[in-house]
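The values are calculated or read from the model by the stated rules, or taken from the named source; none is laboratory data. No experiment lies behind these values; they were computed from the predicted model shown. No Cβ is skipped: glycine too gets one built from the backbone with ideal geometry, and neighbour counts run over all protein chains shown.
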There are 2 protein chains.
Amino acid sequence: MSQATRVPQEERTRAMRARLLDATVELLAERGFAGTSTTLVSQRAGVSRGAQLHHFPAKNDLVVAAVEHITEARGEALKEAAGALSEGGRRTRHVLAMLAEQVTSPVFAAALELWVAARTDEQLAAAVGPLEQRIGRELHRATVELLDVDESKPGVRELVQATLDLVRGLALADTITDDAARRERILDHWAEVLERELQ
Amino acid sequence: MSQATRVPQEERTRAMRARLLDATVELLAERGFAGTSTTLVSQRAGVSRGAQLHHFPAKNDLVVAAVEHITEARGEALKEAAGALSEGGRRTRHVLAMLAEQVTSPVFAAALELWVAARTDEQLAAAVGPLEQRIGRELHRATVELLDVDESKPGVRELVQATLDLVRGLALADTITDDAARRERILDHWAEVLERELQ
């Protein structure tokens, strides 16, 4: 076997976990929490049931890990994109577009499924609650950096939080009907308000 | 039988429907969409299976009618409350408090369950989509009236919509963890922004 084709065990394991987690997010987005079974996940990921159960003994372990994994990957991408942003008013609108894109992706749909399922599942809520808080803090920090604002000024922190809650509300409005045109108008206007208020 | 105790059939039917719809909203909020069965609803409402099936042949009929019924009742209450509001800055904050109360109630939880279930159920989406659009339009109209603003001015419409999307985002944030303290701070600040921007 040549050096190039010899894949270390650790790397194979990592790739398999990633396939399982990607398949879980896809299924949550496509079929919802109730329609996502561990059998479907192992089929889609092309991973044996035994290997899957070894890494994720129960459905709840799998869905929490999946949403965590994908959200973190997207959070990293968001932070990396910060450097490429332009300055001034266009920057604010650009950041809002990035945030909106983030939450109208299948990842938001998967997270929403998990979130709503956790409402009525105590065991799931115990895992999802802390995860959501951590994701929320990281997204807040990334947004402050992206908007390039100073949170020590009064009201800035609340405006950043309001922006993230607004974007989450817009994402929810987009889950059943395509709400893109309305969303663009609202974000155009919100960018102007933010520019005035954050000065 | 005296005049007072004779209840007309039509009224009995209306009361029975109301019990079924109230029980459905309660169960959606408590147990989620998957955990709400027509059997549980008839038990909680104290209505026979036969009578229930006569009025609502399938679970989807029941859940859509329930969310519609309760949302409309609350919408009416909101409109009636408009007259009692004070003027000026306190009015804006008061309206935001009313909207936040509206969406952090069990009715929002029930609607959220329906909304998310409809994401992956075409038949349900066909009924929920138009209902949500109508509810959205009515809530928008009520909010314009409550805030006492002029939508013909540029940007006012977008800010009212942003306010409703913000409140929806805040409601979503409150579904797993109690988010009341953060929500109050954000709405305090949002009221100030609205006051400045809507002048």
*Evaluation of A:S105 against (1) in contact with a Lys or Arg (Cβ under 6 Å, 6 or more places away or on another chain); (2) more than 10 Å from chain B (Cβ to nearest Cβ); (3) not β-branched (V, I, T) (one fails), failing number*: (1)
*Unique match (being under 27 Å from A:G35 (Cα atoms), more than 21 Å from the chain's Cα centre (by Cα), more than 14 Å from chain A (Cβ to nearest Cβ) and assigned to a helix (DSSP H, G or I)) among B:L40, B:L53, B:L62*: B:L53
*asked:* Condition first: among the polar types (S, T, N, Q), buried (at least 22 other Cβ atoms within 10 Å of the Cβ) and in contact (Cβ under 8 Å) with a residue 12 or more places away in the chain. Can you find one or more residues in region B:162-180 that meet it?
replied: yes
*Look at A:A97 and say whether it is in a helix (DSSP H, G or I), of a type in the set (A, V, I, L, M) and either surrounded by fewer than 18 Cβ atoms within 10 Å (Cβ to Cβ) or modelled with pLDDT of 90 or more (or both).*
yes
*Yes or no: B:G75 assigned to a helix (DSSP H, G or I), surrounded by fewer than 16 Cβ atoms within 10 Å (Cβ to Cβ), more than 13 Å from chain A (Cβ to nearest Cβ) and of a type outside the set (D, E, K, R)?*
no
*May I ask you to list the residues in region B:122-144 that are buried (at least 16 other Cβ atoms within 10 Å of the Cβ) and touching a residue at least 60 places away in the same chain (Cβ under 8 Å)?*
B:L124, B:A127, B:V128, B:L131, B:I135, B:E138, B:L139, B:A142
*Count, please, the residues in region A:146-161 that happen to be of a type in the set (G, A, S) and free of Cβ contacts under 8 Å to residues at least 24 places away in the same chain.*
1
*Return the total of residues in region A:161-177 being among the polar types (S, T, N, Q) and more than 23 Å from B:A181 (Cβ to Cβ).*
2
*Hey, could you check region B:187-199 for residues that are in contact with a Leu (Cβ under 7 Å, 6 or more places away or on another chain) and of a type in the set (A, V, I, L, M, F, W, C) and say which is surrounded by the fewest Cβ atoms within 10 Å (Cβ to Cβ)?*
B:L198
_For region A:128-177, give me each residue that is at the interface with chain B (Cβ under 7 Å from one of its Cβ atoms), closer than 20 Å to B:W115 by Cα, of a type outside the set (A, V, I, L, M) and not in a helix (DSSP H, G or I)._
A:T175, A:T177
